[in-house]
Amino acid sequence: MMKSHRSFLRLLLFLCGWAAAAVLPAQPRLVLAGDYPDPSVLRDGKDFYMTHSPFYYSPGFLIWHSTDLVRWKPVARALTQWKGSAMAPDLVKHGTRYYLYFPSAGTIYVSWADHIGGPWSEPIDLHLRGIDPGHVATPDGRRYLYTSEGVVAELSPDGLSAVSAQQKVYDGWTYPADWVTECMCLESPKLFRRGDYYYMVSAEGGTAGPATSHMAVVARARSVTGPWENSPYNPLVHTYSAAEEWWSTGHATLVDDADGRWWMLYHAYRRNAYPLGRQTLLEPVAWTDDGWPVPALWTDADAITPAEGPWAPLSDTFAAPTLGWQWTFWKEHAPDALRFDRRGLTVQGKGSTPADGRLLLTTLTDTAYRVETELTASDGGRGGLVLFYNEKAFAGVVVGQDSLTLYRDATHQTHLPWRGRGPIRLRLSVVGGRMEVSACQPGKPWKRLDAPIDISRFHHNEFKGFYALRPALVSVGRGSATFRQFVYQPQP
């Protein structure tokens, strides 16, 4: 079978009768816009739950619920504290208990809960090397945990410790030598049992770099520890050309529904939109006569309608006494630094710039948008509105009672005159990778502060970390800043 072009594969699948007769466009469906990478999905009866990499954003491991794999709503955040940058989790239900396996700070941790909404336990160190854990259990209840590079260890019956040394049992799939990728990078093992076989879906090719990096490949074995046989239809997911809509497609999880249909969820960058991060996509899966999963075509029998709009408004009036689902801190969890009252949200400051200040971040969903806030700074405090990737990559504006600082990036700043004692409104407008910064006093016309700022380079390929560019409210200094509102508005 030719593997040089995905559309040819889909056509061949259709001609072979592996898809229904009434065919809709063969494209993945975007189900979570914005930075939601490394999806891990489980089915619990007719319910689906999914979570993603939180990295340094806290509270983390936002858990989503759906009944159709398209419309998702947040139901819990599992953890508020962990060491390092947590990524690529595996969300599991074994027996009546839920488990969250994840790598961070050079080891693998597990947290557990008796209810999906928590409370979740403090992370337990399994003392296993590698990243991207993948849990699997045998019919007799023995439990195993795979990690990157095809390594596996047996777990205790309660899943909270390892009872064997790790051993390498899988070498991955050898992709064509002329494919342009970032690295071999065998990772993201996601396992399930179907019929007489265990199936393992892995990622290869690296998660960023060129548009054609990354992929999902499939192997199967009759024993949970192998030997593993690679699918003759690999790769299951791959970007073959930078002309495609989605770049660096990979890190797939396969799941069946209550009606016996199969699906895969995976992540990808939208073409020319690296700062948005990796978004979550959905595609149907079919099974060949010889027992392999392959991408299927959407059909009118799927009876799944596209998602309608974002999962929740990103705008906030701060009328609730706690932070909404859309907000996280950066490298801390500091709810005691917040105060909600009739004036809005008051954030106690720290540090001296956005690099070390207190940040509240939310997740972008669009490539063209406008964000606004109105703030008042206290004595000794300054507040602002920035787009933040990490401490070395951000841009925006910070204002105090006697100063206004425009950050074009982390090292280039301009101090502009400002003598306002009352509130100030700030606006960041982004189109085509360029941002305009504006300010005004309430009721006055907006004034652009300087020339547009190039933010197109604020992404992993330039600054590493696997994060995304996010709007952030920032409070710096010894005092505080009070934010009356936050407005997010997509632009045409």
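Quick note: the coordinates plus some simple rules give every number you see, no bench work behind them. No experiment lies behind these values; they were computed from the predicted model shown. All Cβ positions, glycine included, derive from the backbone under ideal geometry; neighbour counts span all protein chains shown.
Let me have the relative contact order for the chain, percent, based on Cα pairs under 8 Å that are six or more residues apart.
Dividing the mean separation by the residue count of the chain yields 14 percent.
Regarding region 403-468, what are the three Cα extents along the principal axes, ordered largest first, in Å?
Cα extents, longest axis first: 40, 23, 20 Å.
Using the number of other C-beta atoms within 10 angstrom as an exposure proxy, rank 122, 204, 374 with the fewest first.
122, 374, 204
Find the centroid of the Cα atoms in region 66-122 and in region 416-452, then give the distance between the two in whole Å.
Computed from Cα coordinates, the inter-centre distance equals 40 Å.
Would you kindly compute the Cα radius of gyration of region 209-300 and its largest Cα-Cα separation (Dmax), both in Å?
That works out to 14.4, 42 Å for Rg and Dmax.
Loop only per DSSP, at most 10 neighbouring Cβ atoms within 10 Å: give me the trypsin sites (Lys or Arg not before Pro) in region 46-113, ordered by residue number.
Here the trypsin sites (Lys or Arg not before Pro) that fit, given the DSSP loop and packing criteria, are 46.
Could you give the alpha-carbon Rg of the chain over 2.2 N^0.38 Å, rounded to two decimals?
Taking N as the residue count of the chain, the ratio is 1.01.
Got a sec? Charge dipole of the chain, +1 on Cβ for Lys and Arg, -1 for Asp and Glu; which of 224, 286, 399 is way out at the positive end?
Going by the Cα projections, it comes out as 399.
Tilt of helix 6-15 relative to the longest C-alpha principal axis of the chain, in degrees (0 to 90, nearest 10)?
For helix 6-15, the angle is close to 40 degrees.
For region 144-257, evaluate the Debye formula with one uniform point scatterer on each Cα (no solvent term) and list log10 I(q)/I(0) at q = 0.15 Å⁻¹, rounded to two decimals.
Here the Debye-derived log intensity ratios amount to -0.66.
Before rounding to the nearest 500, sum -39500 (n - 2.57) across all DSSP H runs of length at least 4 in the chain and divide by the residue total; then give [θ] at 222 nm in deg cm²/dmol.
Result for the chain, helices only: -500 deg cm²/dmol.
Check the chain and count each lysine pair with an alpha-carbon distance under 18 angstrom, considering only pairs eight or more places apart or from different chains.
Lysine pairs meeting the criterion: 10.
Any idea what the relative contact order of region 329-490 is, in percent, if you count C-alpha pairs under 8 Å spaced at least 6 apart?
36 percent
Below 8 Å between Cα atoms, with a sequence gap of 6+, how large is the relative contact order for region 6-295 in percent?
Relative contact order, region 6-295: 15 percent.
Which semi-axes, in whole Å and largest first, does the equivalent ellipsoid of region 6-295 have when worked out from the alpha carbon gyration tensor as the square roots of 5 times its eigenvalues?
They are 27, 21, 20 Å, listed from largest to smallest.
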